[in-house]
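Below you'll find the structure, written out as structure tokens, and then a few comments.
The values are calculated or read from the model by the stated rules, or taken from the named source; none is laboratory data. The structure presented is a predicted model; accordingly, all values stated were derived computationally and were not measured. We place every Cβ from the backbone using ideal geometry, glycine too, and count neighbours over all the protein chains shown.
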Amino acid sequence: MCLLVRVIDTLDRVQQLEDILTVVMQEHEEVSLKTRKHFWRIVRDIKRDPAPSPEEIRKAAEIRDILFEIKRGKTYALWPTLALMFLGGITLSVLPYLYLLGFPLDWGSVLTWSVGDWILLVLRILCVFLGVALFYPIGRLIGSKYTGIRVVGVCRDEYYEPTLKIDYVTFLNTLPSKRKWFFFFGGIWTVITALLYWLVGLVIAFDFSGLVLSLLLFSFEAYVLASGVATRKRGEMGLFNRERKIEQAWRERLTE
């Protein structure tokens, strides 16, 4: 009986997805918020299903790619763009940071710092932050290798920062327990990147700028994890929370 219900649910989702695809193809950039919300509700149900059909996964991925292009714009070739971003990170972040390390900053007398000292600290932190943004996709690459979720190119996120576009077929075919870790690696890599800057700065000039930023990033991500807030607006850890909740529902369905 339970299997029959699942088959009926799957057939119903496939039909709904076909209807949504027709609407999306017709309206394109004018797709209504109601249609979008309906689509993402179906996607969440597919994620919770222990055995989603290849047909509904294919259709869901097709719709998502159309909506993704409308919202995010062009997706750029993965490896050439990553190479340019890496060079940009070296040129715009690492080298300026190393240059700023040449100006003394006494961390033992923070309370007596001049305005110029505080400006120097801000400039160093900005260099580290830029590096975190430009090297951030490495975290998603690590997550991709671990989980088997393919990444197909470089695009912008909702905050116009660079990120990696996910191949949605492999994403939906991946177990929920792995999907959440894909986002976790992307989030924690920002902290690791800032810590790497700190280690370099510590060796060269006893600098703690990278540590300051890493603690801020870690505190934010720890707060998001502890709060359980599951929204894209809370970054990768918000997405981790989302997939963790979906995993719980998925496990419950396994026992039905």
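General remarks:
- Test: residue in the range 182-191 that is over 20 Å from LEU211 (Cβ atoms), of a type in the set (Ser, Thr, Tyr), surrounded by 16 or more Cβ atoms within 10 Å (Cβ to Cβ) and without any contact (Cβ under 8 Å) to a residue 60 or more places away in the chain: no
- Test: residue in the range 179-191 that is more than 14 Å from the chain's Cα centre (by Cα) and within 21 Å of ARG140 (Cβ to Cβ): no
- Answer residue from the range 163-191, given it is among the basic types (Lys, Arg) and in a helix (DSSP H, G or I) and is nearest to LEU225 (Cα to Cα) among those: LYS180
- Looking across the range 68-93 at every residue that is of a type in the set (A, V, I, L, M, F, W, C) and buried (at least 18 other Cβ atoms within 10 Å of the Cβ), the one that is farthest from GLU243 (Cα to Cα) is identified as MET85.
- Helices (runs of 4 or more DSSP H) completely within the range 92-162 that count 2 or more residues being within 30 Å of GLU69 (Cβ to Cβ): 115-135, 137-147
- Among the residues examined, LEU105 qualifies as surrounded by 21 or more Cβ atoms within 10 Å (Cβ to Cβ), assigned by TED's automatic domain parsing to the domain that holds ASN241 and either out of contact with any Gly (no Cβ under 7 Å at 6 or more places or on another chain) or at pLDDT below 95 (or both).
- Test: residue in the range 219-238 that is aromatic (Phe, Trp, Tyr), in the same structural domain as GLU158 (by TED's automatic domain parsing) and buried (at least 21 other Cβ atoms within 10 Å of the Cβ): no
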